[in-house]
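Worksheet for the structure shown next.
Bear in mind these aren't lab numbers, they're just calculated from the coordinates by the rules spelled out. Because the structure is predicted, anything quoted here is derived from the model rather than measured. Ideal geometry is used to build each Cβ from the backbone, glycine not excepted, and the neighbour counts take in all protein chains shown.
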Amino acid sequence: MKIGLEVEYWLVDEDGELVAVPPELPEAHDFLEEEFIPPLLEVLTPPASSLDELRTALVDRVETTLGLVGEYGYRLVPLGSPLARESLTITSERGKVLQRIYGEELEYAKHCAGTHVHFDKGEVVRQLNLLTALDPALALVNSSPYYSSSQVASSSRAAVYRYEAHREFARYRDLWDYVSDIEEWNARVEEHHRDLRRIAEEVGVDREQFERYFPPESSVFTPVRLREQSPTVEWRAPDTALPSQTLRLVEDVERLLAQTEYKEVVVGETGTWTDRIGLPPFAELQELSREAISDGLRSLRVQDYLTTMGFDVTRYDPIADRIERNWTIPREKALEIRLEFADELEADVEALSRASSA
């Protein structure tokens, strides 16, 4: 099973203030991409045939990126949100069209940095359903309890992205129910694509422009997506985090996904068995996901569930649990934390690089 990563980081200056990605960086390096807001930079890895290959690719590319941005006096920050209140302007053409469609609802997506994991397609229905059931595993790498200067949740990114939107748009960003076959999944995508196109036309986006930026599979932003063009099953649930923690999570999830080639994936008794992987009923899963987002690993229920699914939660140290919680965070403190975890990111990559060379 080949695996690829897309990891988003905030770009800050030496004071911790957000800065725009220099346009020449993504133009000159095909593993870097700008997001639709200026201070967010995405690092991509090529499809890797093994976890060792993936680790090497991610470490090399993040290390290279640190050097590139360092030439400008900039740093990378692995936080799910920028913590403090920020006024961010959309710059990409796709983002501008999206803003016309979503209006004020897009505000909740502008302050979010996440990790997208692409797994080679295999037993696709089993993969989709298992990744859906693994949504609470996002708790293992939650990285920002603050959104716009207020304490929101262990993963403030997931909380605002999924739950703050109006119901008409929340369905494009929240977790979808299990599916029985590919036809059911495709029907859902087509229905949501058709509805979004109607909304776009109502606000004056012409059909040609809409279709150029939002083909069906790219018109939904759910935590699990099926990508026909890649072709991969994409898991978008986790926050951005330290690379070592991200790689550990991918390793654990890949170990479970590999079992879908020879095990049934069924709703029933939760856990892994010799012939099947048991998933909780979707209503129960939704409750677990909400707890994973709001409380993270502080929730014993989430810990128990993840342990039952085969995760060793003691191997994880989420950034969110290392940030002191108050009702609000002063801007000066937010800048300090950004720089603290910029340091942590650099140390983490250095340690991974040394381990690879040993």
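On average, how much area does the Cα convex hull of the stretch 201-248 cover when viewed from any direction, in nm²?
Seen from a random direction, the Cα hull of the stretch 201-248 projects 4.9 nm² on average.
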Exercise. For the stretch 108-166, report the translational diffusion coefficient in µm²/s to the nearest whole number, using Stokes-Einstein at 37 °C, 0.692 mPa s, and a Kirkwood Rh over Cα pairs.
Key: 252 µm²/s
Quiz item: Considering the alpha-carbon set of the stretch 175-232 alone, what are its Rg and its Dmax in angstrom?
Solution: 12.2, 36
Self-check item: Ranked by how many other beta carbons lie within 10 Å on average, peptides 235-243, 299-307 from highest
Solution: 235-243, 299-307
Practice problem: Give the distance, in whole Å, between the Cα centre of the stretch 32-100 and the Cα centre of the stretch 257-274. | Solution: 34 Å
Exercise. With r as the distance between the Cβ atoms of A20 and R354 and R0 = 41 Å, compute the FRET efficiency 1/(1 + (r/R0)^6) and round to 0.05.
Key: 0.80
Quiz item: What is the log10 of I(q)/I(0) for the stretch 25-141, computed with the Debye formula using one identical point scatterer on each Cα and no solvent, at q = 0.10 Å⁻¹?
Solution: -0.41
Quiz item: Given the rule -39500 (n - 2.57) for each run of at least 4 DSSP H residues, summed and divided by the residues of the chain, what is its mean residue ellipticity at 222 nm, to the nearest 500 deg cm²/dmol?
Solution: -13000 deg cm²/dmol
Self-check item: 10 Å-binned pair-distance histogram of the chain (Cα, whole percent)
Solution: 5, 25, 35, 26, 8, 0
Practice problem: Highest first, please rank the peptides 149-160, 282-293 by the mean number of other Cβ atoms sitting within 10 Å of their residues. | Solution: 149-160, 282-293
Quiz item: Gap in Å between the Cα centre of the stretch 114-176 and the Cα centre of the stretch 296-346?
Solution: 16 Å
Quiz prompt | Neighbour cut-off at most 10 other Cβ (10 Å), DSSP loop, chymotrypsin sites (Phe, Trp or Tyr not before Pro), the stretch 28-122 | solution = none
Practice problem: Would you mind giving the average projected area, over all directions, of the Cα convex hull of the stretch 178-288 in nm² with one decimal? | Solution: 9.4 nm²
Self-check item: Percentage, to the nearest whole number, of Cα pairs in the stretch 220-358 over 23 Å apart
Solution: 48 percent
Quiz prompt | Rounded D (µm²/s) - the stretch 72-207, Kirkwood Rh over Cα pairs, Stokes-Einstein at 10 °C, 1.306 mPa s | solution = 93 µm²/s
Self-check item: Evaluated at q = 0.22, 0.23 Å⁻¹: base-10 log I(q)/I(0), Debye formula over Cα of the stretch 144-215
Solution: -0.98, -1.01
Quiz prompt | Whole-number percent relative contact order across the stretch 27-101, with pairs defined as alpha carbons under 8 Å at least 6 apart | solution = 33 percent
Practice problem: Within 10 Å, count the other beta carbons around each residue, average over each peptide in 176-187, 59-70, and list them highest first. | Solution: 59-70, 176-187
Practice problem: Starting from the Kirkwood radius over alpha-carbon pairs of the stretch 261-318, derive D by Stokes-Einstein at 10 °C in a medium of 1.306 mPa s and give it in µm² s⁻¹. | Solution: 130 µm²/s
Quiz item: Once you put a point 7 Å from the Cα of S92 and another 7 Å from the Cα of R171, both along the Cβ direction, what distance in nm separates them?
Solution: 2.5 nm
Quiz item: Once amide H atoms are built 1.01 Å from N in the peptide plane, which residues 5 or more positions from T328, or in another chain, come under 5 Å H to H?
Solution: Q151
